[in-house]
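Since the structure comes first, as structure tokens, the remarks are kept for the end.
The values are calculated or read from the model by the stated rules, or taken from the named source; none is laboratory data. Just so you know, these numbers come straight off a predicted model, no measurement behind them. So basically every Cβ, Gly included, is an ideal-geometry build from the backbone, and we count neighbours across all protein chains shown.
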Amino acid sequence: MSGSLIGKSVLRKEDHRFVSGKGRYTDDIQLVGLTYAAFVRSPYARADIKSFDVSDALAAPGVIAVLTGEEVAKDGLGGLPCGWMIHSKDGSEMRQPHHPVLAADRVNYLGEPVALVIADTQLEAKNAAELVMVDFEPLTAVVNPATASQAETLYEAVPNNLCYEWELGDEAATEAGLAAAAHVTTLKLTNNRLIPNAIEPRAALAEYNSGTDEIILHTTSQNPHLVRLIMTAFVQIAPEHKLRVIAPDVGGGFGSKIFIYSEETALAWAAKKLGLTIKWTADRSESFLTDAHGRDHVSEAQLALSADGEFLALKVKTVANMGAYLSTFASAVPTYLYGTLLAGQYRTPAIYVEVDSVFTNTAPVDAYRGAGRPEATYLVERIVEKAAAEMGLDPAELRRRNFIGRDQFPYQTPVALEYDTGDYEASLHKALKMADYNTFSARQAEAEARGKLRGIGLSCYIEACGLAPSQVAGALGAGVGLWESGEVRVNPTGSVTVLTGSHSHGQGHETTFAQLVADRLGLPIEDVEVVHGDTGKLDFGLGTYGSRSLAVGGSALSVAADKVVEKGRKIAAHLLRTDVDNIDFDAPVFKMIDSNESKTFQEIAFAAYVNHDYPSEELEPGLAEKAFYDPLNFTYPAGTHICEVEIDPDTGVVEIIQFVAVDDFGTIINPMIVEGQVHGGLAQGIGQALLEQAVYDDTGQLITGSYMDYCMPRADNFPDFKVGMTCTPCTHNPVGAKGCGEAGAIGSPPAVMNAITQALGGIEIDMPATSEKVWRAVQTMPALKTA
Amino acid sequence: MELKQQLVIPRAVEAVWQALNDPEMLQHSLPGCQHFEQTGDNAYDMTVSAKIGPVKATFNGAIALQNLNPPFSYEISGEGKGGVAGFAKGGAKVSLKAVTESGEPATQLSYSVEAAVGGKIAQVGGRLIQGAARKMAQDFFTQFVRRLCDDETIELVIETIETP
């Protein structure tokens, strides 16, 4: 039976719950004695707090308590830390301003929380929050990252607002490559700032049991163990064993729910301080202001090429906006998740990248679907396409000439990573075929006859996923090891409970992980239950981000399942009065090799718990096994995306005619789920390319603070995606999986923008390519030939 | 946000100037004004409720009249706080010019407004502010002119000089 579930599009076990309204999200939880919190936030991007006056709020109906930044300071709570240390070129440590749970004397971004009002109802809490009088004295805000290092200093300990000045690669070799080049292509670009927009806003419910001195925090988290670790070890609201964190059903995260925020922390602290059970659910306006934003890079790059199009060197200078404080993983995003990916799929022998990260009076910026890798891919794939146009080469051919060949793995890039496996030519070939690339010029001519502009754009992306391994991550500055835990717990009747440190918030782990374990043990998938998201039930885990769940968490379960089989063989040998070596597991049956006697998995499970005659020195009762899996390397999903657009020159509207995504995710457990992940990623990547942008005005007011002004993609912005797969299994994990969660958002933006650039005859515009921007670009083009 | 507009009032400059400095006149012309109190020479405290897009808020603020050049011009500056709705601050330059209309003495009133908003108003109503400001100006001057001329049937025409 083994092998019968891998690669099958099993319907998602969790969907019945979700589509029938039986999901249990944080805001759904009702407890006796529930009270509600509302936060008081700064209406200024930067201001001194002169005083708090909470008397009117305290006197308002239903109000139980008002806590301000002053109480946070009095209780000596630690700040919210950033978990990844980056060193500057000169060896100095990155500069990290104190990030208070609630601000007491200075606010540094619009929407920063300064006080918390707790009342009997949500409405009373919100109304009373309006009565908290905070005397703000506004200060000049620093908003533009490109000029932040020359602006007024925001923090005494952070000269020039520079968090760090980081570098990677060989500068001398890169300069030599540029000097020797027959052609140098230069490119300046902005990677537009994005707001995550998970469908479920952040929420928290904190309860305190004075009898046991335990806090239980239910919250919208992608990694509940990290929440517990940071709130206890760093902020110190309670000892670690007195805080239980539960992340129940969570409606989307895209990175924004990895981080440890002020609101959830303040709620857990307040619950214990006041002995209350308190709930808070962000409204959409709060999500816009305070969920960590994504991207926000300004870059310049030079690509050196030989006369026949061989890449000689790539030099990149990037300014990355960190926002007002360093969010949990912020420092790693524009460095080790960005600079290390600048080799792309190519043999470029010399690469040098400098990244200046700056503080501004804007919301903190951190990982958002792809996290650094979309920024790297956007830069590499835009400049490669531009070089092809400048040199008069077919962009597919230029890429092919520079690909790392399938026989060149493992391949050490000049920017730290060693790719284990891949076949870039295969995915390019398949994508070109699916897109009818060879006949594009006929379609372009036909469009031109109708007065329309057509363009086709390629993107050959690579990403580093399966965020781990601990040794590498640690050497690069990660504050925690990046392995994952898993347990396969066989119940006496032979059903299986699978516990994982990964967390599902839309990815379908309850199905994929059940498929993996059921397949290994030869059980029906209905007999396998996946448990996740509760520090009270699970070993320490590291959660879900960076497309790591199957590659790392799934591998842990694979190893744990192997251990269950080994233990089962011992039990079978005991029951059958033979040697372990004489037992073979032919899932789901343990068989004697030299006879036809056997025991079923269910018989072994039952015997494991109820037998009376174990040789106790050699064999423990029970059948439950754990594994902590720490991979040897990242995984490297890669592929080719092709976008074909048609522009109406009269309106500037861009229509995506077709979008082809061919991805190599290694071994695939559930193709339907993978395709869904690709579709979601493409929607977000195309949204970035065409529609989405977070804009602050020059005083730091967020003027795209609602769906009236922040444009989310809708179904009618997309064609029916053409999705294809190639497969080179990951060489170093037992599943062979590479990760698929982010690829769509990484590969698609450059494909869209390359297509638009081609349609506009080479005129470059920055994302998002709104109809206004495109129309203005069209006005500068030579007159169109119209039919 | 910037707004430059002008209108003609069928009254002499001196009468218009006097009305523009009459707290009661201002209070009754200002849409949503709940409270208006003189706190010093040319300084007033006020409470105004306003709706900008989806945000409705009551602003507590103060305004001051400066650079008075009777009867031809003055400047208004002010700041209002609307709690969680955010804040608004800004100023207006108002100038009067004697003209004739149908042979009668009249006044051409022109003004330019600059305003900045913050907090929720900017977040969700940012692009509606221009429209909201125009409407507020239209309502204010309509009431103002009707009271001044004691004629409730006047339909005021306001001309926009420049749209940024």
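Structure values in brief
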| quantity | calculated |
| --- | --- |
| Residue under evaluation residue B:108, criteria (1) among the polar types (S, T, N, Q); (2) more than 16 Å from residue B:11 (Cβ to Cβ); (3) more than 12 Å from the chain's Cα centre (by Cα), criterion not met | (2) |
| Hits in segment A:50-64 - residues which are assigned to a strand (DSSP E or B) and buried (at least 20 other Cβ atoms within 10 Å of the Cβ) | A:52, A:63 |
| Test for residue A:673: is it at pLDDT 95 or above, more than 24 Å from residue A:467 (Cα to Cα) and either away from chain B (no Cβ under 14 Å) or part of a loop (DSSP other than H, G, I, E, B) (or both) | no |
| Options A:11, A:67: the member that is buried (at least 16 other Cβ atoms within 10 Å of the Cβ), modelled with pLDDT of 95 or more and more than 14 Å from chain B (Cβ to nearest Cβ) | A:67 |
| Residues of segment A:696-720 that turn out to be more than 18 Å from residue A:283 (Cβ to Cβ), touching a residue at least 24 places away in the same chain (Cβ under 8 Å) and away from every other protein chain (no Cβ under 13 Å), as a count | 4 |
| Where residue A:45 falls short, out of the listed (1) in contact with a strand residue (DSSP E or B) (Cβ under 7 Å, 6 or more places away or on another chain); (2) within 14 Å of chain B (Cβ to nearest Cβ) | (1) |
| Of all residues making up segment B:107-126, the number that are away from chain A (no Cβ under 14 Å) and either at positive phi or of a type in the set (Gly, Ala, Ser) (or both) | 2 |
| Meets criteria (polar (S, T, N, Q) and within 14 Å of chain B (Cβ to nearest Cβ)) for residue A:55 | no |
| Any chance residue A:328 is within 14 Å of chain B (Cβ to nearest Cβ) and either outside any helix (DSSP H, G or I) or within 23 Å of residue A:637 (Cα to Cα) (or both) | no |
| Selected residue [under 23 Å from the mean Cα position of the chain (by Cα), in a loop (DSSP other than H, G, I, E, B) and more than 25 Å from residue A:195 (Cβ to Cβ)] from A:723, A:735 | A:735 |
| Residues within segment A:112-161 that are buried (at least 24 other Cβ atoms within 10 Å of the Cβ), within 14 Å of chain B (Cβ to nearest Cβ) and in a loop (DSSP other than H, G, I, E, B), tallied | 3 |
| Set A:9, A:20: member being in contact with a helix residue (DSSP H, G or I) (Cβ under 6 Å, 6 or more places away or on another chain) and under 30 Å from residue A:514 (Cα atoms) | A:9 |
| Single match in A:314, A:303, A:276 (criterion: of a type in the set (A, V, I, L, M), more than 14 Å from every other protein chain (Cβ to nearest Cβ) and surrounded by fewer than 24 Cβ atoms within 10 Å (Cβ to Cβ)) | A:276 |
| Qualifying position, being without any contact (Cβ under 8 Å) to a residue 12 or more places away in the chain and assigned to a loop (DSSP other than H, G, I, E, B), among A:22, A:13, A:89, A:8 | A:22 |
| Count of segment A:427-472 residues which are aliphatic (A, V, I, L, M) and closer than 23 Å to residue A:729 by Cβ | 8 |
| All positions within segment B:43-93 that are crowded, with 20+ Cβ neighbours inside 10 Å, at negative phi and part of a loop (DSSP other than H, G, I, E, B) | B:82 |
| Flag if residue A:270 is under 30 Å from residue A:199 (Cα atoms), within 14 Å of chain B (Cβ to nearest Cβ) and of a type in the set (A, V, I, L, M, F, W, C) | no |
| Residues located in segment B:118-145, provided they are out of contact with any Pro (no Cβ under 9 Å at 6 or more places or on another chain), without any contact (Cβ under 8 Å) to a residue 40 or more places away in the chain and either among the hydroxyl-bearing types (Ser, Thr, Tyr) or crowded, with 17+ Cβ neighbours inside 10 Å (or both) | B:123, B:126, B:142 |
| Search result, residues across segment A:26-42 that are away from every other protein chain (no Cβ under 14 Å), part of a strand (DSSP E or B) and either closer than 23 Å to residue A:505 by Cα or aliphatic (A, V, I, L, M) (or both) | A:34, A:37 |
| Selected residue (criterion: farthest from the chain's Cα centre (by Cα)) from residues of segment A:765-777 that are buried (at least 21 other Cβ atoms within 10 Å of the Cβ) and assigned to a helix (DSSP H, G or I) | A:777 |
| Residue check for residue A:762: assigned to a helix (DSSP H, G or I) and more than 29 Å from residue A:286 (Cα to Cα) | no |
| Number of the exception - residue B:125 against (1) modelled with pLDDT under 90; (2) assigned to a loop (DSSP other than H, G, I, E, B) | (2) |
| Matching residues in segment A:97-124 - criterion: being more than 19 Å from residue A:290 (Cα to Cα) and of a type outside the set (D, E, K, R) | A:118, A:119, A:121, A:122, A:123 |
| Cβ-Cβ under 6 Å pairs, at least 6 apart or on other chains, segment A:555-567 side under 19 Å from residue A:669 (Cβ atoms) and touching a residue at least 60 places away in the same chain (Cβ under 8 Å), far side crowded, with 24+ Cβ neighbours inside 10 Å and basic (Lys, Arg) | A:561/A:520 |
| The one condition in (1) in contact (Cβ under 8 Å) with a residue 24 or more places away in the chain; (2) under 30 Å from residue A:655 (Cα atoms); (3) in contact with a strand residue (DSSP E or B) (Cβ under 9 Å, 6 or more places away or on another chain) that residue A:415 fails to fulfil | (2) |
| Residue in segment A:534-542 that is outside any loop (DSSP other than H, G, I, E, B), in contact (Cβ under 8 Å) with a residue 60 or more places away in the chain, crowded, with 24+ Cβ neighbours inside 10 Å and not basic (Lys, Arg) present | no |
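Residues checked against (1) away from chain A (no Cβ under 14 Å); (2) closer than 28 Å to residue A:136 by Cα; (3) under 14 Å from the mean Cα position of the chain (by Cα):
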site: B:14; (1), (2), (3): yes, no, no
site: B:38; (1), (2), (3): yes, yes, no
site: B:41; (1), (2), (3): yes, yes, no
site: B:45; (1), (2), (3): yes, yes, no
site: B:48; (1), (2), (3): yes, yes, yes
site: B:59; (1), (2), (3): no, yes, no
site: B:66; (1), (2), (3): yes, yes, no
site: B:77; (1), (2), (3): yes, yes, yes
site: B:93; (1), (2), (3): yes, yes, yes
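One line per residue, one yes/no per condition, for (1) more than 25 Å from residue A:83 (Cα to Cα); (2) surrounded by 18 or more Cβ atoms within 10 Å (Cβ to Cβ); (3) touching a His at 6+ places or on another chain (Cβ under 6 Å):
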residue	(1), (2), (3)
A:414	yes, yes, no
A:429	yes, no, no
A:438	yes, no, no
A:451	yes, no, no
A:487	yes, yes, no
A:494	yes, yes, no
A:497	yes, no, no
A:500	no, yes, yes
